[in-house]
Amino acid sequence: MGRRIVHYRILFILLLLTGFSSASQTVISGKIYDEAGLTMSGASLILKDSIGKIISYSISGEEGKYNLSTIKKGSFLLEANFLGYKKQSLSLSIKADEQIVKDFILEPSAEVLKEVVIEYEPVKLKGDTLVYDAKALAKGTEVVVEDLLKNIPGITIAKDGTIKFGDTPIEKVMVDGDDLFNKGYSLLTRNMPSKPLDKVEVLQNYSNNKLLKGIEDSKAVALNLTVQDEYKNLWFGDLMAGYGIEERYVLSGNLMNFGEKYKAFFTTSLNNAGYDRVGNISDMVYNSGDMETLGRGSRTIQVMSLSAKTARLSEDRTRINNAEMATLSTIFPLSLKTKLKLAGFLGFDELKAYQNSYSVTDFGTTYFENTESNNSANNIKKGYVNAFFNYDISATKMLQLSSAFNSGNGDFKNDLTFNGISTREQLETKSTYFDQKLTYTHKWKDRNVVLLKGRFFTDRLPQYYAINDYLMGDLFTYENINAIDNTIGSQKEYAGLEGDFKLKQKNGDLLEFTAGFDKSNDNLSTRFRLFTDGGNITPDGFQSD
């Protein structure tokens, strides 16, 4: 009894402390809009005291929302900043703890903005770049870069590793200004240790092509990771291994070198404990962020897809895998003006899902039982290699070439047993992708740019589907149909040439002219068959070319 009283007293004291802690601050929140009434993500909110010292800082996130707090009382100045817009200021008087809601409507600025430097630990605002101190952001539990990025206000990271700043997707994640994986940056952020980081830079209004900076009206956002001096120009890495119950294992290793001109990042991972060290890398394969190009988003048609039925639990609790992965990206100079990047990825995974259920219906004179078992497995193989060549002809001229090849295979099998009757289906998908790109950029008078682009790619996506049952009712009248299959051929060829002229006016307007030619050839064929006791049938009217 005495122990319980002591526990209650401790709990009561903790509740009092919690109450005092949560009530002893003023929270300021609101939204940022432009003149058209559209919300603005990525705007900076700064709270200053009466002598101009910054005491709190925030970034507007999704839907333009911001939130900051202070425990201080007195007179304050709340400022809203966004590059290319006039700064808005609002005086506040805080006498007691309260909830304050203040919205801002920002007006475009016609003036050329000089670099503005605003410092507030752990962040500095330099023009349109936010610079975060990695050490100040760290809480001590971070292992990889992705863990550290989660501590930055305004940054959210999805389950597949894609990153957003506010509601704007991150274009790329660079290391000391060099892009290693394009939009497949999850390979870097999920495997690179966070300890070597010095700064994390959020680059707003980012341009993939450096000669377009200040000319195109870009709303893109990129991240740049700077490495501490003691980790530069040397090889370093880490190794992690673990083994647990039910023969679960984890093995991963990294080896990297980040020099001023030469960079290399190698990582490998093997595990069957449900960890995803790869993330979403499809954009790395099909939408290279290294260069301005044409035909973006153009892909062949995927006709069929299947997925496993899983329990209503988080993926990290239900994911049963057997993953093996290795990737290498290296950047090295061929001359003072020429740089070559080579990137490759090889991965294998076997994803499994199991679900068993038993149900009883007993209502009036109706009684029956259902037993269901669903087992699925998806064997995935992926391979990718890319060579990217960048030649700075002069300060105003640049030539870029890219060659990429991707090959993959997915074999999905599902076995559903309902009251002792088994239905098995299979979908096999193969992918072969070969892409060649060339871009020449010429800038003159600091305001005008011409881009000459060329591209050719082939994309093949054949599929084969089969099921050992007939589930189409009376659609077909043939007798004793016991299985079906469908062979699908889908492929695309694309070729294009384009000239893009961008002319920046003195008042800030942008005139753009595009002329070009492209040709796209899509082929889709299907062969649908029914299997009966007497053989297979190819029904008319259910085939396509």
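The values are calculated or read from the model by the stated rules, or taken from the named source; none is laboratory data. For clarity, every value in this text was computed on a predicted model and none was experimentally measured. So basically every Cβ, Gly included, is an ideal-geometry build from the backbone, and we count neighbours across all protein chains shown.
Name the one entry in ARG460, ARG529, ARG455 that is over 30 Å from ALA308 (Cβ atoms), touching a strand residue (DSSP E or B) at 6+ places or on another chain (Cβ under 6 Å) and basic (Lys, Arg). Step through it out loud before you land on a result.
Values: ARG460 fails: over 30 Å from ALA308 (Cβ atoms); ARG529 fails: over 30 Å from ALA308 (Cβ atoms).
Among ARG460, ARG529, ARG455, only ARG455 is over 30 Å from ALA308 (Cβ atoms), touching a strand residue (DSSP E or B) at 6+ places or on another chain (Cβ under 6 Å) and basic (Lys, Arg).
What's the number of the condition ALA395 fails, among (1) touching a strand residue (DSSP E or B) at 6+ places or on another chain (Cβ under 8 Å); (2) modelled with pLDDT under 95; (3) hydrophobic (A, V, I, L, M, F, W, C)?
(1)
Could you give every pair whose Cβ atoms fall below 6 Å, whose first residue belongs to segment 459-487 and is in the same structural domain as PHE531 (by TED's automatic domain parsing), and whose second residue is of a type in the set (D, E, K, R) and loosely packed, with under 12 Cβ neighbours inside 10 Å, counting only separations of at least 6 or pairs across chains?
Final answer for the pair search is ASN480/ASP533.
May I ask you to list the residues in segment 39-65 that are among the aliphatic types (A, V, I, L, M) and without any contact (Cβ under 8 Å) to a residue 12 or more places away in the chain?
Within segment 39-65, the subset among the aliphatic types (A, V, I, L, M) is 40, 43, 45-47, 51, 54-55, 59.
The one that is among the aliphatic types (A, V, I, L, M) and without any contact (Cβ under 8 Å) to a residue 12 or more places away in the chain: ILE51.
So which residues in segment 168-205 are in a strand (DSSP E or B) and under 11 Å from the mean Cα position of the chain (by Cα)? Give the derivation first.
Residues of segment 168-205 in a strand (DSSP E or B): 168-175, 178-179, 193, 197-205.
Hits for segment 168-205 are THR168, PRO169, ILE170, GLU171, LYS172, VAL173.
Just to be sure before I move on: is TYR433 part of a strand (DSSP E or B), crowded, with 18+ Cβ neighbours inside 10 Å and either acidic (Asp, Glu) or touching a residue at least 40 places away in the same chain (Cβ under 8 Å) (or both) in the structure I sent?
yes
Against the definition (out of contact with any helix residue (DSSP H, G or I) (no Cβ under 9 Å at 6 or more places or on another chain), modelled with pLDDT of 85 or more and either surrounded by fewer than 17 Cβ atoms within 10 Å (Cβ to Cβ) or outside the structural domain of ALA377 (by TED's automatic domain parsing) (or both)), how does GLY253 come out, yes or no? I'd like the intermediate steps shown before the answer.
Numbers: out of contact with any helix residue (DSSP H, G or I) (no Cβ under 9 Å at 6 or more places or on another chain): yes; modelled with pLDDT of 85 or more: yes; either surrounded by fewer than 17 Cβ atoms within 10 Å (Cβ to Cβ) or outside the structural domain of ALA377 (by TED's automatic domain parsing) (or both): yes.
Yes; evaluated as a whole, the condition is true for this residue.
What number of residues in segment 316-362 are loosely packed, with under 14 Cβ neighbours inside 10 Å and under 21 Å from the mean Cα position of the chain (by Cα)?
1
Quick one: in segment 476-533, which of the residues that are basic (Lys, Arg) and out of contact with any Leu (no Cβ under 7 Å at 6 or more places or on another chain) is surrounded by the most Cβ atoms within 10 Å (Cβ to Cβ)? Steps first, please.
Of segment 476-533, the ones basic (Lys, Arg) are 492, 502, 504, 506, 519, 527, 529.
Imposing the further condition that a residue be out of contact with any Leu (no Cβ under 7 Å at 6 or more places or on another chain) reduces the set to 492, 506, 519, 527, 529.
On the way: LYS492: 19, LYS506: 6, LYS519: 10, ARG527: 15, ARG529: 16.
Looking at the filtered set, the residue picked out is LYS492.
Just wondering, is there one or more residues in segment 242-250 that are surrounded by 19 or more Cβ atoms within 10 Å (Cβ to Cβ) and either within 23 Å of the chain's Cα centre (by Cα) or part of a loop (DSSP other than H, G, I, E, B) (or both)?
First pass over segment 242-250, keeping only residues surrounded by 19 or more Cβ atoms within 10 Å (Cβ to Cβ): none.
No; the residues of segment 242-250 include none that is surrounded by 19 or more Cβ atoms within 10 Å (Cβ to Cβ) and either within 23 Å of the chain's Cα centre (by Cα) or part of a loop (DSSP other than H, G, I, E, B) (or both).
Go through ASP217, ASP276 for me and flag whichever is among the acidic types (Asp, Glu), under 22 Å from the mean Cα position of the chain (by Cα) and over 20 Å from VAL175 (Cα atoms).
Values: ASP217 fails: under 22 Å from the mean Cα position of the chain (by Cα).
None of the other options fit; the residue is ASP276.
Quick one: in segment 331-377, of everything that is of a type in the set (Ser, Thr, Tyr), assigned by TED's automatic domain parsing to the domain that holds PHE412 and in contact (Cβ under 8 Å) with a residue 40 or more places away in the chain, which residue is farthest from ASP411 (Cα to Cα)?
Taking the candidates together, the pick is THR371.
Among (1) modelled with pLDDT of 85 or more; (2) in a loop (DSSP other than H, G, I, E, B), which single condition is ILE152 missing?
(1)
Take segment 35-55 and flag every residue that is part of a strand (DSSP E or B) and modelled with pLDDT of 80 or more.
THR39, SER44, LEU45, ILE46, LEU47, LYS48
Identify, from the list LEU78, LEU83, the residue that is in a loop (DSSP other than H, G, I, E, B), crowded, with 16+ Cβ neighbours inside 10 Å and of a type in the set (A, V, I, L, M).
Working: LEU78 fails: in a loop (DSSP other than H, G, I, E, B).
Going through LEU78, LEU83 in turn, the sole match is LEU83.
Of all residues in segment 206-228, count the ones that are over 30 Å from GLY508 (Cα atoms) and in a strand (DSSP E or B).
Initially, segment 206-228 is screened for residues over 30 Å from GLY508 (Cα atoms), giving 225-228.
Subset that is in a strand (DSSP E or B): 225-227.
Number of matching residues: 3.
Being assigned to a strand (DSSP E or B), under 30 Å from ASP446 (Cβ atoms) and among the aromatic types (Phe, Trp, Tyr) is true for just one of PHE388, PHE368. Which residue is that?
Details: PHE368 fails: under 30 Å from ASP446 (Cβ atoms).
After ruling out the rest, the residue left standing is PHE388.
Taking the stated definitions as given, is ASP469 more than 35 Å from the chain's Cα centre (by Cα), part of a loop (DSSP other than H, G, I, E, B), surrounded by fewer than 16 Cβ atoms within 10 Å (Cβ to Cβ) and not basic (Lys, Arg)? Can you show your working first?
On the way: more than 35 Å from the chain's Cα centre (by Cα): yes; part of a loop (DSSP other than H, G, I, E, B): yes; surrounded by fewer than 16 Cβ atoms within 10 Å (Cβ to Cβ): yes; not basic (Lys, Arg): yes.
When the stated conditions are applied, ASP469 passes them.
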